[in-house]
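Take a look at the structure below.
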Amino acid sequence: ENPGLVDQSTKDNLGILLSKLDQHNVALFSITDHNRFDPDIYLEINKILALPDHPYQNVKAVLAGVEFDVILDEGMSKCHIIAIFDANNEVDKLKRINESIQSHLIEDVQGAYTKNDFEAVLKEIGLNTILIASQRKDINNQSGNHNSLSDSAINVEQIIRVGYINALEFQKPKVEGILLNNLKRLTLPISLFSGSDCHDWSCYPFHDSQNQNKEFHHSKAKILPTFKGLLMAVT
């Protein structure tokens, strides 16, 4: 990231993020770094939320997650796919996610996993996974440069239909409307999530102090704040 953008988004400043989540009544969340996973930050969050008198009572749980850069079809651009893992806050499972990523590490900032390499990482991790692909425009728009599913897959409708992707993430209400119109044509439904893309925790739910989507609204679901609850909502 640009210098200074995420310098304060660290384990030592979790109180900043948790207070913002509590303020916005966010019960279930994940920290999804690009092609990286830090078990320590998850362990610290779980430690804080396990305290009976912690000051963030609206915040119920965190789920392990990674935002992968993936090129699904050869010759296409990359897309962002968020993987939410059923790690159940267990130390060995959190470490397994990190170890697998470290063994398939992408060093290039502009790099991406091939579809086969992405699947190899998921198989090596070996945990139940929910896949949420970024879609910032019409699913038929394959112009590239938006890190969207349609930039990376030749046939977006097919990849949705077979259940490879469990949900789509949008950021702006206008895009939500476009996607809802797209999905009316499909015989199989797919869930939509609004993503904050927050990088500077002190500015949550906005990206940072300069990049603020004032129309952002949080996704809501009546579920248990667990992986299984999220899975049931998605499917």
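Beta carbons closer than 6 Å, at least 6 apart along the sequence or on distinct chains, pair a first residue in the range 197-225 that is in contact (Cβ under 8 Å) with a residue 24 or more places away in the chain with a second that is open to solvent by 80 Å² or more (accessible area, probe 1.4 Å) for PRO225/LYS60. Just one of the listed residues (ILE45, ILE82, ILE97, ILE101) is closer than 24 Å to LEU131 by Cα and in contact with a Gly (Cβ under 7 Å, 6 or more places away or on another chain), and it is ILE82.
So that you can scan it fast, the table gives a plain yes or no per residue for (1) among the acidic types (Asp, Glu); (2) without any contact (Cβ under 8 Å) to a residue 60 or more places away in the chain:
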| position | (1), (2) |
| --- | --- |
| VAL59 | no, yes |
| GLU74 | yes, yes |
| SER77 | no, no |
| LEU94 | no, yes |
| ILE97 | no, no |
| SER100 | no, yes |
| GLN110 | no, yes |
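Just so you know, in the range 5-21 the residues that are in a helix (DSSP H, G or I) and under 14 Å from ASP40 (Cβ atoms) include one that is most open to solvent (accessible area, probe 1.4 Å), and it is ASP12. Set side by side, the residues ASP86, ASP92, ASP69 differ, and just one is under 17 Å from ILE41 (Cα atoms) and under 17 Å from the mean Cα position of the chain (by Cα), which is ASP86. Do we have any residue at all in the range 162-173 that's out of contact with any Phe, Trp or Tyr (no Cβ under 8 Å at 6 or more places or on another chain), part of a loop (DSSP other than H, G, I, E, B) and crowded, with 18+ Cβ neighbours inside 10 Å? The answer is yes, given that some residue of the range 162-173 is out of contact with any Phe, Trp or Tyr (no Cβ under 8 Å at 6 or more places or on another chain), part of a loop (DSSP other than H, G, I, E, B) and crowded, with 18+ Cβ neighbours inside 10 Å. Of the residues making up the range 20-33, not a single one is touching a residue at least 60 places away in the same chain (Cβ under 8 Å), under 25 Å from LEU230 (Cα atoms) and of a type in the set (Phe, Trp, Tyr).
Inspect all residues belonging to the range 212-227 and state whether any of them is part of a helix (DSSP H, G or I), within 17 Å of THR32 (Cβ to Cβ) and out of contact with any helix residue (DSSP H, G or I) (no Cβ under 7 Å at 6 or more places or on another chain). The answer is yes, given that some residue of the range 212-227 is part of a helix (DSSP H, G or I), within 17 Å of THR32 (Cβ to Cβ) and out of contact with any helix residue (DSSP H, G or I) (no Cβ under 7 Å at 6 or more places or on another chain).
Only a single criterion out of (1) open to solvent by 40 Å² or more (accessible area, probe 1.4 Å); (2) among the acidic types (Asp, Glu); (3) part of a helix (DSSP H, G or I) is not satisfied by ASP151, namely (1).
Residues of the range 139-147 include at least one that is closer than 25 Å to PHE29 by Cα, in a loop (DSSP other than H, G, I, E, B), in contact with a Cys (Cβ under 6 Å, 6 or more places away or on another chain) and not hydrophobic (A, V, I, L, M, F, W, C). Among LEU180, LEU131, which is the only one that is of a type in the set (A, V, I, L, M, F, W, C), out of contact with any Asp or Glu (no Cβ under 7 Å at 6 or more places or on another chain) and either open to solvent by less than 40 Å² (accessible area, probe 1.4 Å) or in a loop (DSSP other than H, G, I, E, B) (or both)? The match here is LEU131.
In this entry, LEU231 passes the filter for residues that are touching a strand residue (DSSP E or B) at 6+ places or on another chain (Cβ under 7 Å) and open to solvent by 30 Å² or more (accessible area, probe 1.4 Å). Considering (1) open to solvent by 10 Å² or more (accessible area, probe 1.4 Å); (2) without any contact (Cβ under 8 Å) to a residue 60 or more places away in the chain; (3) of a type in the set (A, V, I, L, M); (4) closer than 21 Å to VAL234 by Cα, the lone condition that ILE139 does not fulfil carries the number (1).
The values are calculated or read from the model by the stated rules, or taken from the named source; none is laboratory data. Being a predicted model, the structure only gives us computed values, none of them experimental. Every residue, glycine as well, gets a Cβ built from its backbone with ideal geometry; the counts of neighbours run over all protein chains shown. Keep in mind that these areas ignore ligands, DNA and RNA; they rest on the heavy atoms of the full protein, side chains included. Shrake-Rupley method; radii C 1.70, N 1.55, O 1.52, S 1.80 Å.
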